[in-house]
1. Name the residues of the stretch 223-247 whose amide N is less than 11 Å from a point 7 angstrom out from the Cα of Leu32 along the C-beta direction?
2. Report the relative contact order of the chain, percent, no decimals, based on alpha-carbon pairs under 8 angstrom and at least 6 residues apart.
3. Restricting to Cα atoms and excluding each atom paired with itself, what does the Kirkwood estimate give for the stretch 86-210 in Å?
4. Quick one: Karplus J couplings for the stretch 154-163, per residue in order, coefficients 6.51, -1.76, 1.60, θ = phi - 60°, nearest Hz, x for Gly and Pro?
5. Mind jotting down a quarter of the surface of the convex hull over the alpha carbons of the stretch 168-242, in square nanometres, one decimal?
6. Give the Cα extents of the stretch 198-257 along the principal axes, in whole Å, largest first.
7. Among all helices in the chain defined by DSSP H, which have a length of 20 Å or more along the axis from Cα atoms plus a Kyte-Doolittle mean of at least 0.0?
8. Return a whole-number percent for the relative contact order of the stretch 1-56, with Cα pairs under 8 Å and 6 or more residues apart as the contact set.
Amino acid sequence: HRADFERARAAIVEARARNAHERCRRFVNAPLSITQKDALRHVEARAHDISQVRPEYDHATNALCFVGHRRWSRGLFLDRRAFLTSYDSRQDDDQGSILGRILGAAVPVCAGINLSFFFSTVDNVNYGAGSKLPHNVAALLGVMEGSSSDLRTGVYQQVCEIHEPMRITFVIETTPQIMRSIMDRNDVIRRLIEGAWVHLAVLDPETSELHAFEQGEFRPYRPRSSDLPETDSSLDWYQGSREHRPCASIREAEVRS
């Protein structure tokens, strides 16, 4: 199996470099012209630098969680703003038993991350952790500023710099009926959705129709436009920009490569 292992290893090495390159465009001290090889060295150096207050931006800019088959999201540029959770509705039963277990973890976890970033960005003094510069670890319970502050909760200021505060949108591959039954069975999921702490839309795996949950019911969703800009590769789409980039469709040749 050595040949298979070497192919897998080469793919992983390339994926690391591509991933590092896409992350580097957010770091102002990484030149936009940086190569993939140098980008990988740059992010590794940041991770080992104990004086670095922005070693990574973590989940900053998160805005979407898609739960469904990979065929729906393959070939989409989502600007590193989406949680992608694998689920195949063809292997589930009519009650969505598998989906219910997946959402039992994905919804509260992703909602918690999103809301933590939301409130920390809106008011970093009261809901966030303030600047990372004076933080000290306190009794392995949390961090405090210097030696005499309260414990600081939430996300620290430097990570929130690039975040756009918005409630996360869940797009789930299922039908309104199955999703409603899952909400009825799981009170945590139901309260997050009905309380409008998160947005929800379901994607029918058979008809490809979208239904958005609004004011207590699922309603057909009609996008203003179904046209996405196209690009030959993710690199072509984000190259030279440090700002948020809109979604784009990556042409088939790039997807298959």
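1. 238-243
2. Normalised by residue count, the contact order of the chain is 19 percent.
3. 16.6
4. Running phi through 6.51 cos²θ - 1.76 cosθ + 1.60 with θ = phi - 60° gives x, 9, 6, 4, 5, 6, 7, 4, 9, 7 Hz.
5. If you wrap the Cα atoms of the stretch 168-242 in a convex hull and average its projections, you get 7.2 nm².
6. 43, 28, 19
7. Details: long enough: 2-24 (33 Å, -0.92); 97-122 (37 Å, 1.53).
Answer set is 97-122.
8. Over the stretch 1-56, the number comes to 25 percent.
Here, each number is a calculation from the coordinates, and none is a lab measurement. Treat the numbers as computed from the prediction; the structure is a model and nothing was measured. In this analysis, Cβ positions are derived from the backbone assuming ideal geometry, glycine residues included, and neighbour counts consider all displayed protein chains.
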